[in-house]
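Chemist: Okay, handing you the structure first.
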Amino acid sequence: MTTIHSVTITDPYAWLDDLDDPAVLAHLEAETVYADEETSHLASLRERIVAEISARTLQTDLSVPDHDVDSSGRAWWYFVRTVEGQDYPSYRRAPAPSRDEVPDISSPIPGEEVLIDLNAEATGHEVFAVGDVDVSPSGDLLLWSSDTAGEELYSARFRDLTSGDELPDVLEDVASVCWIDDHHVAYTVLDDSWRPYLLRRHTLGTPVDQDVDILREDDERFWLSAGRSGDDRWLVIDSASKASSEVHLLDVSTPTGTPLLVAPRVEGLEYSVEPAGDRLYVVHNAGHQDFELAVTPALPEQWHEWTTVITGNDGVRLLDVTAYADHLVVHLRSDGLPRVMVIPRSEDGSAGTGWLLDATADLESVGAADQQYSADRLRLHRESFVDPATVVEAGWDGTGERVLKRQPVLPDPEGRPFRSEDYLQQRLWATGDDGVRIPVSVVSRRDTTWPAPCVLYGYGAYETSLDPGFSVARLSLLDRGVVVAYAHVRGGGELGRAWYTQGRLAAKPTTFADFVAVGRHLVNAGVAAEGCLAARGASAGGLTVGAAINLAPDLFCAAQVGVGFLDPLTAMLAEDLPLTITERDEWGDPVADPEAFATIAGYSPYGNIGTGSYPDILATAALHDQRVSASEPAKWVAALRARPDASGQVLLRVELGGHQGATGRYQAWRDEGYELAWLLDRLGAAPGLPRNTSG
């Protein structure tokens, strides 16, 4: 028992918090065995879904080559290859005789060389995650990092690309690593709470114990990150919390120098910096909650002189800017969708009038891929819920588009082809408890008759958005007559900063009420069949789903929750747990603030399980998850089963690995097949093969 703010907390399953206890590990293993036994009748359906994902995926494939020129003037195409039967990609490059002649990705590229084959590196490891892969400015060296425990602690290594030899330098237990110049790298180190708090410099060829601290962040709310600027002049060092930030710049021509501060941190002020030759471009919220774009001379004594380039606009959230020699590309979110604005830069470096690039569909995500600073054209990424990702190249004004690659979607196991026109996507609007309209994205087969079985996805935290994106795996639901919906609840970032703040801290319960409102709207509007609405969410989305179930358990027939943040009160009270301090800007501080304590206690899925009929539950956890302990879903499942009137199916499946799930693509497909088969079974949509997708 724990008493805080005169409230005594009793946690009957606190023993599950000790993941080092053999009894706890045995319990988790038994839970997984039990889940597999209870779902054994779905084995053939799982295999069928994996076969569908496998058949529709071009497994031997090549990314669109990226053009780059190293510091010695050699031009290269950089790309990634995948091979059928192999879990991981290999990183490669080839000489680029002409920027205009993008290689044919359907055949071998002349002069192609392997930089690193991750399949070879993953051999012998149950878990293998790659961190950073980057070539030095000279093009002669490769740095790469990997994690073989799932704990997001990486080992960084270096390779001579001329000889193929491995350098003796190895950096252990790093969070991230990047080049400063050809002889120096910068890397971040985690503290005991898994926060990148220290940036260090390593000189190749010297002992690690001679490495030097570049910058230390002692405020436990702030995370450090670093990377080279696109114009190759600066190492940009960001220190950011959930509510404020500051940036230091280190001139890469003096790698052992001292970083210079652009603007000191001010509570509530967030800004990022994009160097561009003799200018710095700054995206900031000093004058508007949805951010503005400013410019300042690239002279340290003038870094405080911000001149506005784009003023703030309510509901149009400026996200970031990428600078090129003669243009700026601004990423923003308008009407809840990712968009791109292009702004020309004149000879004196000043910015002109920009234009917003058109979308080709109502629900389309438009992004721009980073290219070489001197690029003379634009590369765009277009994608929707029904249109596979397409990479196009165009002039800076968006004209003259040519398709470089459209994500191939192959026929299903019976040879039936995929056609985008067989599917329907649309935006609906639900009404929240306070009258606010909540956007909902809905995807289905065009020939599906509503109301139909429906899966409702939720997230709603950190200003993260559920943007339109294509999914091969989702076809296995759609082709069985299931509608898939996405609730763009407050707490996410779809409709600007205000949309986020209305579902954060003391307003966090709004997120869960919005999710319920969306679910009710889908039923009342005749989209979801009554009694056939399932909820799905992961991580903080698992919190959304778990809290919504407590609010309206009769609304959902099933819920699939992955690595769910289901016991937020215990996590936020434990200051020694990873990430707790930094997360308090998102959820509140229940130790110091009685109101925050009451708010979190009031919506905790684990702490507010009610009576009556609850939906069937499939929860998953990761044993080495440093973000959400496996104990949280384990305790939640135990408490659900212990209800006096408990009924229905409550399952827990625990995997090796970390928060992001399986690292190999084939295991990831099997995990997805497991969860989709369970959802189809609970929705009554499991029998039979998918309908004929050719119309």
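Values in this text are rule-based calculations from the coordinates and carry no lab data. None of the values given here were measured: they were computed from a predicted structure. Every residue, glycine as well, gets a Cβ built from its backbone with ideal geometry; the counts of neighbours run over all protein chains shown.
Chemist: If you plug each phi of segment 550-555 into the Karplus form 6.51 cos²θ - 1.76 cosθ + 1.60 with θ = phi - 60°, what whole-Hz ³J(HN,Hα) values come out, in order, with x for Gly and Pro?
Modeler: Karplus values, whole Hz, x for Gly and Pro: 5, 6, 9, x, 7, 6.
Chemist: With both partners inside the chain, how many of the DSSP beta bridges are antiparallel, as a percent to the nearest 5?
Modeler: Of all bridge pairs located within the chain, approximately 80 percent are antiparallel.
Chemist: Pick out, in residue order, every one of the chymotrypsin sites (Phe, Trp or Tyr not before Pro) in segment 392-466 that is DSSP loop and has at most 13 other C-beta atoms within 10 Å; say none if there are none.
Modeler: none
Chemist: With θ taken as phi - 60° and the coefficients 6.51, -1.76 and 1.60, list the Karplus ³J(HN,Hα) couplings across segment 368-381 in order, rounded to whole Hz; mark glycine and proline as x.
Modeler: Coupling constants for segment 368-381: 10, 7, 5, 10, 4, 3, 8, 3, 9, 7, 10, 10, 10, 10 Hz.
Chemist: With the alpha-carbon atoms as the only input, what is the per residue convex hull volume for segment 1-96 in Å³?
Modeler: 277
Chemist: Moving on to the next point. What Kirkwood Rh does segment 383-425 have if only Cα atoms enter the pairwise 1/r average? Answer in Å.
Modeler: About 12.2 Å, per the Kirkwood formula over Cα pairs.
Chemist: Hey, what angle do you get for helix 22-38 against the long axis of the chain, alpha-carbon based, 0 to 90 degrees rounded to 10?
Modeler: For helix 22-38, the angle is close to 70 degrees.
Chemist: For segment 271-407, what mean projected area does the convex hull of the alpha carbons give, in nm²?
Modeler: 8.4
Chemist: Send over the semi-axes of the chain's equivalent ellipsoid, whole angstrom and largest first, taken as the square roots of 5 times the C-alpha gyration tensor eigenvalues.
Modeler: Each semi-axis is the square root of five times an eigenvalue, giving 39, 31, 27 Å.
Chemist: Using alpha-carbon pairs under 8 Å, 6+ residues apart, how would you state the relative contact order of the chain in percent?
Modeler: For the chain, the relative contact order is 11 percent.
Chemist: How far, in degrees from 0 to 90, does helix 665-683 lean away from the longest principal axis of the Cα atoms of the chain, to the nearest 10?
Modeler: On a 0 to 90 degree scale, this one is about 30.
Chemist: Rg and Dmax in Å for segment 61-115, alpha carbons only: what are they?
Modeler: Cα radius of gyration and Dmax of segment 61-115 are 11.4, 37 Å respectively.
Chemist: Could you name the lysines whose alpha carbon sits less than 23 Å from that of K635, not counting residues in the same chain fewer than 8 places away?
Modeler: Once the sequence-local lysines are set aside, what remains near K635 is K508.
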